[in-house]
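Here's the structure we're looking at; comments come further down.
The values are calculated or read from the model by the stated rules, or taken from the named source; none is laboratory data. On a predicted model such as this, the values are computed, not experimentally measured, just so you know. Using ideal geometry, Cβ is built from the backbone for each residue, glycine included, and neighbour counts are taken over all protein chains shown. For accessibility, only protein heavy atoms count, side chains too; no ligands or nucleic acids. Shrake-Rupley method; radii C 1.70, N 1.55, O 1.52, S 1.80 Å.
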Amino acid sequence: VIVLIRHPAAFVSSLLRLNWTFPFEDLLRQPGLISDWLTPFKGELHHHADHQTDLIDQATCAWKIFHHVIRTYREERPDWMVVRMEDVASDPIRKVGEIYQYTGLEYTDDLRQTVLRHTRADNPKEVDVSNAKETQRDSRRAIRQWTHRLSEQQVERLYDSLFDVANDFYSEDD
């Protein structure tokens, strides 16, 4: 199993940019999920499902519950590979190679060239929202786009809301 995680500000920034909301009511319709994993968040989930909350609050809640579960799985299943998107984006050829090695799959020259083509520096760092599924970007610059999209106040808000979970995956410098 490979779990790819993303910086909380990058996740929130992407949801804001794409104007994506989160269907909290879908989670609440799964009593086993709530009782097994999300009991600490039940009130917050109901709040988001029952009220029109802003996108930052929705994205923050979603990131927090996902990573709460990921943190638990990481502790219970040390054989799972947990990879930060920022690490892959910073050194895609090597990190994708490590993922292939973990899976036992062959990391061929053709695959390396595909990774290079999709992550190289002459690709755009960002694409228009209408073309958001485009996968060829300058991965090293694209991964930090949130620093340009979010205000200092928004970043501080995320830090205050997510530090308890995020500090298991990211340092304060991140």
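For segment 45-86, the tally of residues that are within 21 Å of residue 150 (Cβ to Cβ), under 13 Å from the mean Cα position of the chain (by Cα) and of a type outside the set (Ser, Thr, Tyr) stands at 11. For segment 49-89, a residue qualifies if it is open to solvent by 60 Å² or more (accessible area, probe 1.4 Å) and touching a Pro at 6+ places or on another chain (Cβ under 9 Å), but none of them does. Within segment 119-149, the residues that satisfy the criterion of being open to solvent by less than 100 Å² (accessible area, probe 1.4 Å) and farther than 24 Å from residue 12 by Cβ are 120, 121. Looking at 172, 152, just one residue is open to solvent by 50 Å² or more (accessible area, probe 1.4 Å) and touching a Phe, Trp or Tyr at 6+ places or on another chain (Cβ under 9 Å), and that residue is 172. Of the residues in segment 4-23, none is at pLDDT 95 or above, over 11 Å from the mean Cα position of the chain (by Cα) and not aliphatic (A, V, I, L, M). Of the residues making up segment 99-110, those that are out of contact with any helix residue (DSSP H, G or I) (no Cβ under 6 Å at 6 or more places or on another chain), more than 21 Å from residue 71 (Cα to Cα) and surrounded by 14 or more Cβ atoms within 10 Å (Cβ to Cβ) number 1.
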